[in-house]
1. Can you find a residue that is crowded, with 17+ Cβ neighbours inside 10 Å, under 16 Å from the mean Cα position of the chain (by Cα) and under 24 Å from residue 25 (Cβ atoms) anywhere in region 64-77?
2. Which count do you get for residues in region 150-173 that are more than 21 Å from residue 93 (Cα to Cα) and surrounded by fewer than 20 Cβ atoms within 10 Å (Cβ to Cβ)?
3. Mind checking which pairs have a first residue in region 99-121 that is within 15 Å of residue 154 (Cα to Cα) and a second that is in a loop (DSSP other than H, G, I, E, B), Cβ under 7 Å, 6 or more apart or different chains?
4. Can you tell me how many residues in region 25-46 are in contact with a helix residue (DSSP H, G or I) (Cβ under 7 Å, 6 or more places away or on another chain) and either modelled with pLDDT under 95 or not in a helix (DSSP H, G or I) (or both)?
5. When you scan region 97-178 for helices (runs of 4 or more DSSP H) that lie fully inside it, which ones turn up with 2 or more residues that are under 15 Å from the mean Cα position of the chain (by Cα) and farther than 25 Å from residue 6 by Cα?
6. Would you mind finding the one in 68, 92 that is farther than 17 Å from residue 158 by Cα and in a helix (DSSP H, G or I)?
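The values are calculated or read from the model by the stated rules, or taken from the named source; none is laboratory data. Values in this document were obtained by computation on a predicted structure and should not be read as measured data. Cβ: placed from backbone, ideal geometry, glycine included. Neighbour counts: every protein chain shown.
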């Protein structure tokens with residue numbers, strides 16, 4: 001039996017995600033845009049709900065190509081509201097479209113959403129919690145600062161807890177439990 005974090009349980013989708021993606025550094029504007037959007041859809045739900053529908057989200061949001069999503073119209077919003085394969089939350093759909101435009105606006109200013117997000121990574125020496133007294137956190141000073149900056153730029157559904165979950169997912173922190181085989185691989 002493989003020693004891994006307990007949260008995937010016996011769910012094959014969760015195990016695959018844990019073993020191959022969670023905590024692996026992820027960079028790039030399109031990649032970070034997608035992650036911000038998916039984390040936003042997850043707000044108030046479980047991550048497995050989003051993970052099981054991720055390919056549907058990718059399909060309906062043109063693989064999270066923010067240049068394409070920024071051009072979505074009200075007709076697209078209505079189409080998405082009728083698509084049972086995704087989370088049909090109008091505010092979150094509208095936010096995904098608005099966030100695409102924000103990424104473009106940042107680029108016009110010579111900025112990168114990926115760089116903005118990664119500027120909030122803790123120092124490398126603090127990215128993996130010591131095994132002694134290990135606990136999964138919900139927020140940190142860095143996730144609070146990231147949330148505050150993204151909100152100031154106009155992003156929504158980017159609360160501190162949501163941003164910490166994203167930081168874990170994209171490898172800004174290594175929150176694999178002590179004893180998990182991925183902890184050492186990603187350190």
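1. Scanning region 64-77, I find at least one residue that is crowded, with 17+ Cβ neighbours inside 10 Å, under 16 Å from the mean Cα position of the chain (by Cα) and under 24 Å from residue 25 (Cβ atoms), so the answer is yes.
2. Residues that pass the stated criteria total 2.
3. Matching pairs, first to second residue: 99/155; 100/70; 101/70; 102/154; 102/155; 104/70; 106/112.
4. So the count comes out to 4.
5. Fully inside region 97-178 and qualifying: 113-118, 141-153.
6. After applying the criteria, what remains is 68.
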